[in-house]
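Peer 1: Here it is: the structure, laid out below.
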There are 2 protein chains.
Amino acid sequence: MADPVSLAASCAMPPVLSKSAVTGGEVKRSAHMKMDSYNVGAVAPYQAMPVAGPVITHHKSTALPVVEPHPEMTEEEREARVAEMIGSYMKKLAERTHHHMGYPYNLDFDYGLLEGLTKFSINNLGDPFIESNYGVHSREFEVGVLNWFARLWEIDEEEYWGYITTCGTEGNLHGILVGRENFPDGVMYASSESHYSVFKAARMYRMESEKIPTLETGEINYDDLKAALAKNAGKPAILNVNIGTTVKGAVDDLDRVLEVLKETGYTEDRFYIHCDGALFGMMMPFLSRDAPMVTFRKPIGSVSVSGHKFVGAPVPCGVIITRFKYVMALSSDVEYLNSRDATIMGSRNGHAPVYLWYTLTRKGYEGMRRDVEKCMRNAHVLKQMFESAGIRTMLNELSNTVVFERPKEEAFVRKWQLACEGDIAHVVVMPNITVEKLEEFVADYVQSRARVSIAAAKRVACEAKAAEEEL
Amino acid sequence: MADPVSLAASCAMPPVLSKSAVTGGEVKRSAHMKMDSYNVGAVAPYQAMPVAGPVITHHKSTALPVVEPHPEMTEEEREARVAEMIGSYMKKLAERTHHHMGYPYNLDFDYGLLEGLTKFSINNLGDPFIESNYGVHSREFEVGVLNWFARLWEIDEEEYWGYITTCGTEGNLHGILVGRENFPDGVMYASSESHYSVFKAARMYRMESEKIPTLETGEINYDDLKAALAKNAGKPAILNVNIGTTVKGAVDDLDRVLEVLKETGYTEDRFYIHCDGALFGMMMPFLSRDAPMVTFRKPIGSVSVSGHKFVGAPVPCGVIITRFKYVMALSSDVEYLNSRDATIMGSRNGHAPVYLWYTLTRKGYEGMRRDVEKCMRNAHVLKQMFESAGIRTMLNELSNTVVFERPKEEAFVRKWQLACEGDIAHVVVMPNITVEKLEEFVADYVQSRARVSIAAAKRVACEAKAAEEEL
């Protein structure tokens, strides 16, 4: 590990916050960045700057300019230069992949067999079930994967519709849009700990929405939900149910939500439920314990998950499954494609379905179950390690997301790429996180805390000495 | 070429159109497909079925089921089976890539040097200019590419904002959303030949919209636009200007649109122009002739192009550039990302920026110019070949899209993957389309026409003989 920048080096480190927004009549992009002057290059060599406290600090990206041919450089020299740039970039990626704990991405995959696919421009534009005229596609893999998910969530092949999305956000944008198109005057309900794309969708789609407070665990507050539903009784309800929230991994209890709907007089023809299963939606079916299962045997409208999260893939992707009867409200034929337009995007990445198909095939159902088991077990190992080291944590029963105090040393946050919110951070224990890696991480965290404590003590001493001199 | 299915084989071929939509109370997906019973496996082996006339026919995708481990199969046998499936899929892709004419995708690229990148889960989640805490990203390449486009369209680095999108549709969804957020009560105007994503955006965003008729060339009808603008004079205008329409490659004259706005009393603070440059938006700057240039020196709000079209890439992608001052209406901070949320999607493909950067660097500005020149020249060669063979065509002055009569033989349409609309089809002459390939295509087209003519004549004879027998 590189030598950390000592926090004790100076008495004070005031962050430089946003400059004046508008200069000379023109709006400058850089004037809208909340920068911090403190440089931690030594600790996190590939990150320009550290995060700063609970306030968002913007880390300006660097730019690698497009390299134009230069008269004083031969073609060979230029090619060598480019190859060198790519080579050093790959080294960065390897280092960053090794030190990663914060986001729910499974970075452990081997798609060596599929490498030749990047020779082709694979595009599943339009509907997965209807071939467009563009022949370089991977619909056979896409439909194979969708059928697998349909079985997982218990819906008949003839009754579902779905597609492989570019990310979890697209799944939420789609699910909520399907809800709105079926209930144009519906009010959207979601907890305040929902993924940021949920309320973004409501704003985008100009839907009325209600942000419902949460319980301590991060679950939706069922009483508050009930009150809000009762208040808007005249209008249909479009609900986003979290199957694992972004920060705390909390699972909204679908059965209780259905009960609340019943108690407030909403019949099945007056609500639409979208389940945001980003990470946990595809882990829950593999749990043996009594979980409030997500299944289309219950009156839900759609489920979405991310593909690059639990399954793992080089490119972000996701899956959305909905009922065919609902998607008809969205669907229109596009002659140019010779296909149906019911997706959010037009052109669609055709590599992603092959990656997902390959992993599901390689691991099989049983292999996926083992991965889930391992993650749940290791999440408990991390919790116990933290607790034995005197660090407070929280781990929801149905979750592999271990929540703990936000580290004070921002270089540490950047080094391990932790996602933070308010005064908490989390580690999402994915299949690539081994016990050895957890051990390295916890030891590093304890040392970071020690440095912060020493620095705090030194600051008091520093101030006391200054006060003494003034006397 | 495989032996074509003879159209003369039977007298009549009635297509089987959609069955009853609802069966037994449940809505079945397959009941909503417009199928054709005619099988052309011999001609287009990787396409389930041919397109049928100007009516949309749905070609049902096949599914490759996820292969579960089987007790009677060893692990080695299973691996060999999967490798064989992937191998035969790659052969399909190669054949389909060779026979491709219809979509504006440059299939000629060599990203061999970048192959190792698929080992990493590269994700540029959030804003390109602000690093998120997730370290496995490619923002340095993304910003390098964006700066290149900013120079191309003449906007200062400090005054633009933009990102690399997943496709042309995302660019349009973003541009129109930025327009709406700046002018919440704005009316959207776009020609009837705009890409289907433009009116999809208006519906999604609940915007009032006006579909303006086109001229014969496919350009927007300026008089009709003027009348519509005058009619809605009380409300701001959000205009989609096509820089190359999907089907005819028609370029709306930006200068005339600006003139029309002036004549109808719309000042610059009361309109927003999004330029949909999907394919041609990045070709036009390289043309030497007097083109109505797309540049931020004119009062436009945003420009989008596709990356997998003219540049060419294995994954669909695109670029959107807008003015920073406009994007602020959309932007909100997301602490979880430690970044700003002003994109449509959340997780974003980090491979695409590296592909674009690599091609722009390898070819340089001059190489791109040569590619544009070659496409324009070959489009004229195709037009002349067609005309010398007695086939009517249309080629707009500012376009590499050659429009011609829709082939009657649907197997031919599928074989060459032509995009069709109404009674026309087109070939988009991309950098990978050589004169040799055009020659092969035209010869094949002429033979297809001959087969159709003979079949038609035979049908008449067939009917005449049947009538004779009845006498």
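Peer 1: If you take all C-alpha pairs in region B:116-363, what percent of them are over 29 Å apart?
Peer 2: So the pairs more than 29 Å apart make up 26 percent of the total in region B:116-363.
Peer 1: What list of ³J(HN,Hα) values in whole Hz, one per residue of region B:251-267 in order, does the Karplus curve 6.51 cos²θ - 1.76 cosθ + 1.60 (θ = phi - 60°) give from phi, with Gly and Pro shown as x?
Peer 2: 9, 5, 7, 4, 5, 5, 4, 5, 5, 4, 4, 5, 4, 9, x, 8, 7
Peer 1: Per residue of B:146-152, how many C-beta atoms from partner chains lie within 10 Å of its own C-beta, taken as a mean?
Peer 2: Going residue by residue through B:146-152 and averaging, the value is 2.
Peer 1: Helix B:168-182 versus the longest principal axis of chain B: what is the Cα-based angle in degrees, 0 to 90, to the nearest 10?
Peer 2: It works out to around 40 degrees.
Peer 1: Separate question: How much of the DSSP bridge set in region B:116-363 is antiparallel, in percent, rounded to the nearest 5? Please list the in-between numbers first.
Peer 2: Numbers: 17 of 33 bridges.
Once the DSSP bridges in region B:116-363 are tallied, antiparallel ones form about 50 percent.
Peer 1: Residues with beta-carbon under 15 Å from that of residue B:462, excluding residue B:462: net charge, scoring Lys, Arg +1 and Asp, Glu -1?
Peer 2: Spelling it out: positives minus negatives among the neighbours equals -1.
Peer 1: While we're here: Tell me, Kirkwood radius of region B:134-230 from alpha-carbon pair distances, in Å?
Peer 2: Value: 15.7 Å, from the Cα pair sum.
Peer 1: Rounded to the nearest 5, what % of the DSSP beta bridges within the protein assembly as shown are antiparallel ones?
Peer 2: In the protein assembly as shown, approximately 65 percent of DSSP beta bridges are antiparallel ones.
Peer 1: As a test, work out the antiparallel percent of DSSP beta bridges whose residues both lie in chain A, rounded to the nearest 5. If you can, show how the numbers build up before the last one.
Peer 2: Numbers: 29 of 45 bridges.
So the antiparallel bridges amount to about 65 percent of the total.
Peer 1: Under the convention of a label 7 Å out along Cα→Cβ, give the distances in nm from residue A:81 to the same position in every other copy, shortest first.
Peer 2: 5.2
Peer 1: Could you order the peptides A:140-147, A:180-187 from most to least packed, using the average number of other C-beta atoms within 10 Å per residue?
Peer 2: Highest-to-lowest ranking by the protection proxy: A:140-147, A:180-187.
Peer 1: What does the charge count near residue A:258 come to, summing +1 for each Lys or Arg and -1 for each Asp or Glu among other residues with Cβ under 15 Å from its Cβ?
Peer 2: With Lys, Arg at +1 and Asp, Glu at -1, the net is -2.
Peer 1: Would you kindly derive the ³J(HN,Hα) couplings of region B:271-286 from the backbone phi angles with the Karplus curve 6.51 cos²θ - 1.76 cosθ + 1.60 (θ = phi - 60°), listing them in order in whole Hz, with x for Gly and Pro?
Peer 2: Couplings: 9, 9, 10, 9, 9, 8, x, 2, 9, 7, x, 9, 9, 4, x, 9 Hz.
Peer 1: Let me ask you something else. For region B:78-92, in order, what is each residue's ³J(HN,Hα) by Karplus, 6.51 cos²θ - 1.76 cosθ + 1.60 with θ = phi - 60°, in whole Hz (x at glycine and Pro)?
Peer 2: 5, 4, 5, 4, 5, 4, 5, 4, 5, x, 6, 5, 5, 5, 4
Peer 1: Cα convex hull of chain A: how many Å³ per residue?
Peer 2: It is 227 Å³ per residue.
Peer 1: Quick one: grab the alpha carbon gyration tensor of region B:320-431, order the square roots of its eigenvalues as a ≥ b ≥ c, and give me rounded if a/c is under 1.5, else prolate or oblate depending on whether a/b is larger than b/c.
Peer 2: Here region B:320-431 falls in the prolate category.
Peer 1: So what's the Cα pair-distance distribution over the protein assembly as shown, bin width 20 Å, in %?
Peer 2: 13, 45, 33, 7, 1, 0, 0
Peer 1: Given a 1.4 Å probe and every protein chain left where it sits, what share in percent of the accessible area of region B:137-244 is carbon and sulfur?
Peer 2: Whole-percent figure for carbon plus sulfur exposure: 47.
Peer 1: Compute the accessible area per residue over region A:365-470, keeping the other protein chains in place, probe 1.4 Å, unit Å².
Peer 2: Details: 4900 Å² over 106 residues.
Dividing the accessible area of region A:365-470 by its residue count gives 46 Å².
Peer 1: Please list, in chain and number order, the residues 5+ apart from residue B:333 or on another chain whose amide H is under 5 Å from its amide H, with Hs placed from the backbone.
Peer 2: The list, which skips near neighbours in sequence, is B:341.
Peer 1: Taking every eigenvalue of the Cα gyration tensor of region A:365-470, multiplying by 5 and rooting it, what semi-axes result, largest first, whole Å?
Peer 2: Listed largest to smallest, the semi-axes of region A:365-470 are 36, 12, 11 Å.
Peer 1: Also, quick follow-up: Mean shadow of region A:281-328, computed from the convex hull of its alpha carbons, in nm²?
Peer 2: Across all orientations, region A:281-328 yields a mean hull projection of 4.2 nm².
Peer 1: Treating region A:237-389 as a set of equal point scatterers at the Cα positions, no solvent, please give the Debye-formula log₁₀ I(q)/I(0) at q = 0.14, 0.16, 0.18, 0.19 Å⁻¹.
Peer 2: -0.86, -1.06, -1.23, -1.30
Peer 1: Report the full-extension gain for the segment residue A:227 to residue A:79: residue separation times 0.36 nm, less the Cα-Cα distance, to one decimal in nm.
Peer 2: That pair, residue A:227 and residue A:79, stretches by 46.8 nm at full extension.
Peer 1: In a solvent-free Debye calculation with one equal scatterer on each Cα, what is log10 I(q)/I(0) for region A:75-179 at q = 0.15, 0.22 Å⁻¹, listed in the order of the q values?
Peer 2: -0.97, -1.29
Peer 1: Using modelled backbone amide H atoms (1.01 Å from N, in-plane), which distant-in-sequence or interchain residues come within less than 5 Å of residue B:238's amide H?
Peer 2: B:187, B:188, B:189, B:272
Peer 1: How big is the A-B contact in terms of buried accessible area, both chains counted, 1.4 Å probe, rounded to the nearest 100 Å²? It would help to have the intermediate numbers written out before the result.
Peer 2: On the way: alone 23730 and 23720 Å², together 34630 Å².
Summed over both sides, the interface buries about 12800 Å².
Peer 1: Within region B:365-470, what whole-number % of the accessible surface is contributed by carbon and sulfur, with the 1.4 Å probe and all protein chains included in the calculation?
Peer 2: 53 percent
Peer 1: Residue A:318's amide H: which non-local residues (gap 5+, or another chain) put their own amide H closer than 5 Å, with H modeled 1.01 Å from N in plane and none for Pro or chain starts?
Peer 2: Placed amide hydrogens put A:165, A:166, A:167, A:307 under 5 Å from residue A:318.
The values are calculated or read from the model by the stated rules, or taken from the named source; none is laboratory data. Just so we're clear, the structure is a prediction, and the values are computed from it rather than from any experiment. Ideal geometry is used to build each Cβ from the backbone, glycine not excepted, and the neighbour counts take in all protein chains shown. The protein model used for the area step is the full one, side chains on, heavy atoms only, and it has no ligands, DNA or RNA in it. Shrake-Rupley method; radii C 1.70, N 1.55, O 1.52, S 1.80 Å.
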